[in-house]
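For reference, the structure discussed in these notes is given below.
The values are calculated or read from the model by the stated rules, or taken from the named source; none is laboratory data. Quick caveat, the model's predicted, so the values are computed rather than measured. Cβ atoms come from the backbone with ideal geometry, glycine included; neighbour counts cover every protein chain shown.
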Amino acid sequence: MQEKEALMADSLLSYIALAMILFSIGFLGVIARKNIFIVYMSIELMLNAINLIFIALGRYYESMQPQVIALIIIAIAAAEAAVFLSLIVVLYRKKKSLNSDVFNVLNQKDAAHE
Amino acid sequence: MMTPDFIYLLPLFFVGIGAISLMILSTFKTMTIRKGAIATLLFLVLAFLSNGYNLNSGDVVYSVYPFVDIFNKMIVVDTFSGYFSTILILGGILTILIGLHYFERHKQFTVEFFSLFLFSVFGMMLLVHANELISAFIALEIASISLYVMIGFQKVIDKRIEASYRYLVLGSLAGVFFLLGTSFIYAATQTTTIGTIGNMALNTVDSNAPLLIIGGTMILITFLFKIAAFPFQSWALDVYDGAPLPVTAFMAATFKAAIFGFLLRLVVVDFDLIRDFWDEVLVYVIIFTLAYGSFLAIIQKSLKRMLVASSIVHTGYLLIALVSIGVIGESAASSIIFYLVAYFLSAIGAFGLIAYISSEGQLRITYDDFRGFAKIRPYMAAMLSVFMLSLAGIPSTIGFIGKFYIFTGAIESGYAILAIVGIIATFISVYYYFKLIAVMYFYRSSELIDVPPLKGIAPIVISVIALTIVWGGVGNTLVAYFPGVDFLIDMANLSYESLFIWQ
C-alpha cells in the first residue's frame, strides 16, 4: 500500500513537472514571438498545461472535482479562441500581415485622434 | 420569514436574461440604438430594484448561499455583494445614459453592443457574488471577453482593434496565472471554495504553506494586473486610450470596483497567510504605483490619457487601504469600499463628460483644446471642474472624504510612510488636474466649434453626478445632521461584517 502511494506521488510530480515545462514554453512563446497566431497558440498551450495539472491532481486525490474544473477550462478556452481568431482575421485584413510589429498605432503618441 | 432562494438571484437573473434577449432583439430590422438602450436600461433598472429589495428586506446584515444543493456554495449573496452590485448596476445605467449620444453619433455601434455590455455587467456582478475560485474565474472571463469585443467594436478604426488585441493577449495571460494559482491552491488544500481554503490552510500549515503562498501570489498577480498596479500597468494607458470613451469610463470606474470587490472578499476571508507574506512587497508596489502613475499623468498631453494615468494613481491609494487591512480590518475595508464609490462617481462623470464633448466629429481632446472652454460652455466647464476637484481630493467633494479615510487608516495601522507618499502623490495630482481648470478659465482663444450644446439626457445625468459629488462632500463635513455620505459608510461597515457570517 505504502509503495503504491509513493508511486502515485512520484508520478504526480512527473506530471506536474511536464505541465510546468509546457507552461514555460507557452509563456516564452507569448513574450518572445512576433507572430500573433503563435502568441494565441502559446496561450492555449498554457491553459492546457494547467488542465494537465488538474487532471493529474484528480487522479492523485481520487476526486472528480478537478476533472470538472478541467472541462470548464476547456470551455472557457473555446470562448477565448472565438474572440482571438476573429481579432486575428480583422487584424490581418487591415495590414495583410501577422507580424505584431506592424500594429503600432497606439505607440504613436501624437496620432491620438479620438 | 424565509425568502425563496430565487429572489436573491433576481438581480443576476435580470441582467443575464437582458443580455440574451437583446442578442435576439438585435436581429430585428426595426431595432435602433435608442430602442436598444431603452431595453438595456429597463433590464438594469429591474436588476437595480430587485437588488435594492434584497438589501432592504430581512436582516440588516445577511449572507445566503442560494440553491446550496445545486451551486454548492459557489455563489454567495450577502450585504457585501449587494452593495457592490448596486455600484455595478449604477455604473451600467450611468454609462448607457451618458454614452447614448456618443453611440448614436458613431455609426459602427449596433444593438449587439448593448448585449455585450449587459454580459459584461453580468460577469462583474457574478464576480462579486463568487465564493469560489473557479466561478470567480468564469465571471472574470465573462466580463473581460465582453470588454475585449466592446473595445474593438468600431472595427474600422485601427486604434480600437489594436487596443482590443493588446488587452486580449495580456488579459488572457493574467487569466492563465489565475488558473495556475488555483491549481496550486487546490493541490495544497483540495478545495477551491473561499472560506474552506483558509480553514485548510490553518490545519496543514507546515508542508503545504509554500504551495499556498505561491498559488496565492499568482492570483494576486492577476488582480494587480487587472487593476493596473505598478509592474503590470503598461497595458492600461494604451488599452484605455484605444477604447471608445464611454467604454473607457465603464472600464475605469466599474471594472475596478468589481475586481476590488472580489479581491477584498478573498483577502479578508481567506488569505491571511499570504497577506502577511506579501504586505512588505505590497508597500513597494504601492510606492512605485503612485510614483510612476503620477509621472505618467504629468507627461500626458491628451486629457483622456491623463485621466487613465491618474486612475493608476488611484489604484495606488486603494492598495494603501488594502495593506492596512491586516492591522485595522473593518475601517480599512470600509474605506476601500467608500473610496471605490467616490472614485466611481468622479471618474464616470469626468470620462462621461469628455465623451459627450467629443461625441461630435473627430476632435482631438488635449489640454490645448480646452482653452477658454468656460466662455463657450460655462456649465460644462463648471461640472468638469467639480470632477477634477473631486479626483484631486479637495475638501467639499466626496473624493476628499475617501482620501481622508484611507490616509487616516494608513497612519492608524502604522504605515505612516505610505500615507506620506500618498499625500505627496495627491499634491502632484493637483498639478495635472488643476492644469485643466486653469486652461478652461484663464486662457483665451479656442477652436472648439463642434461641441454639442447642453441638451438631451447625458448633461442632466452628468450634472446629477456632479451634484452628488458635492453633496457627498459637504454632507457630513460642514453641516451637522444633514443627510450626507454617512449612510454610505454605514453600509460599507455592514457589508464588511457580512463577510464573516458563516453558515
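The table below lists the values:
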{"quantity": "Qualifying residue in the range B:93-111 (condition: over 23 Å from the mean Cα position of the chain (by Cα) and among the hydroxyl-bearing types (Ser, Thr, Tyr))", "calculated": "yes"}
{"quantity": "Residue within the range B:112-119 that is at pLDDT 90 or above, polar (S, T, N, Q) and either buried (at least 23 other Cβ atoms within 10 Å of the Cβ) or in contact with a Phe, Trp or Tyr (Cβ under 8 Å, 6 or more places away or on another chain) (or both) present", "calculated": "yes"}
{"quantity": "Subset of the range B:246-281 (residues that are within 23 Å of residue B:294 (Cβ to Cβ) and within 14 Å of chain A (Cβ to nearest Cβ))", "calculated": "B:248, B:249"}
{"quantity": "Residue count for the range A:51-106, restricted to those that are more than 7 Å from every other protein chain (Cβ to nearest Cβ) and over 23 Å from residue A:5 (Cα atoms)", "calculated": "24"}
{"quantity": "Complete set of residues in the range B:381-412 that are out of contact with any Phe, Trp or Tyr (no Cβ under 7 Å at 6 or more places or on another chain), surrounded by 21 or more Cβ atoms within 10 Å (Cβ to Cβ) and either within 14 Å of another protein chain (Cβ to nearest Cβ) or over 17 Å from residue B:318 (Cβ atoms) (or both)", "calculated": "B:383, B:384, B:386, B:387, B:389, B:397"}
{"quantity": "Residue in the range B:113-126 that is within 14 Å of chain A (Cβ to nearest Cβ), of a type in the set (A, V, I, L, M), out of contact with any Ser or Thr (no Cβ under 6 Å at 6 or more places or on another chain) and closer than 30 Å to residue B:190 by Cβ present", "calculated": "yes"}
{"quantity": "Filter result for residue B:146 (surrounded by fewer than 24 Cβ atoms within 10 Å (Cβ to Cβ) and within 20 Å of residue B:242 (Cα to Cα))", "calculated": "yes"}
{"quantity": "Helices (runs of 4 or more DSSP H) enclosed by the range B:271-375 - at least 3 residues per element that are of a type outside the set (Ser, Thr, Tyr), farther than 15 Å from residue B:252 by Cβ and modelled with pLDDT under 85", "calculated": "B:272-299, B:329-357"}
{"quantity": "In the range B:149-162, residue surrounded by the most Cβ atoms within 10 Å (Cβ to Cβ) [restricted to those that are more than 19 Å from the chain's Cα centre (by Cα) and within 7 Å of chain A (Cβ to nearest Cβ)]", "calculated": "B:152"}
{"quantity": "Breaking point among (1) free of Cβ contacts under 8 Å to residues at least 24 places away in the same chain; (2) over 22 Å from the mean Cα position of the chain (by Cα), for residue B:31", "calculated": "(1)"}
{"quantity": "Filter pass, residue B:83 being within 30 Å of residue B:215 (Cα to Cα), assigned to a helix (DSSP H, G or I) and out of contact with any strand residue (DSSP E or B) (no Cβ under 7 Å at 6 or more places or on another chain)", "calculated": "yes"}
{"quantity": "Where a residue in the range B:174-187 is facing another protein chain (nearest Cβ under 7 Å) and farther than 18 Å from residue B:145 by Cβ and its partner, wherever it lies, is surrounded by 24 or more Cβ atoms within 10 Å (Cβ to Cβ) and β-branched (Val, Ile, Thr), with Cβ under 7 Å and at least six apart", "calculated": "B:180/A:50; B:183/A:50; B:183/A:53"}
{"quantity": "Any chance residue B:248 is touching a Gly at 6+ places or on another chain (Cβ under 8 Å) and part of a helix (DSSP H, G or I)", "calculated": "no"}
{"quantity": "Test: residue in the range B:74-83 that is within 21 Å of residue B:494 (Cβ to Cβ), surrounded by 15 or more Cβ atoms within 10 Å (Cβ to Cβ) and small (Gly, Ala, Ser)", "calculated": "yes"}
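Here is a yes/no grid of residues against (1) surrounded by 13 or more Cβ atoms within 10 Å (Cβ to Cβ); (2) modelled with pLDDT under 90; (3) in contact with a helix residue (DSSP H, G or I) (Cβ under 7 Å, 6 or more places away or on another chain):
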{"position": "A:47", "(1), (2), (3)": "yes, no, yes"}
{"position": "A:66", "(1), (2), (3)": "yes, no, yes"}
{"position": "A:75", "(1), (2), (3)": "no, no, no"}
{"position": "A:80", "(1), (2), (3)": "yes, no, yes"}
{"position": "A:107", "(1), (2), (3)": "no, yes, no"}
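A quick yes/no check of all residues on (1) without any contact (Cβ under 8 Å) to a residue 12 or more places away in the chain; (2) of a type outside the set (Asp, Glu); (3) surrounded by 24 or more Cβ atoms within 10 Å (Cβ to Cβ):
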site	(1), (2), (3)
B:261	no, yes, yes
B:281	yes, yes, no
B:290	no, yes, yes
B:298	no, yes, no
B:333	no, yes, yes
B:342	no, yes, yes
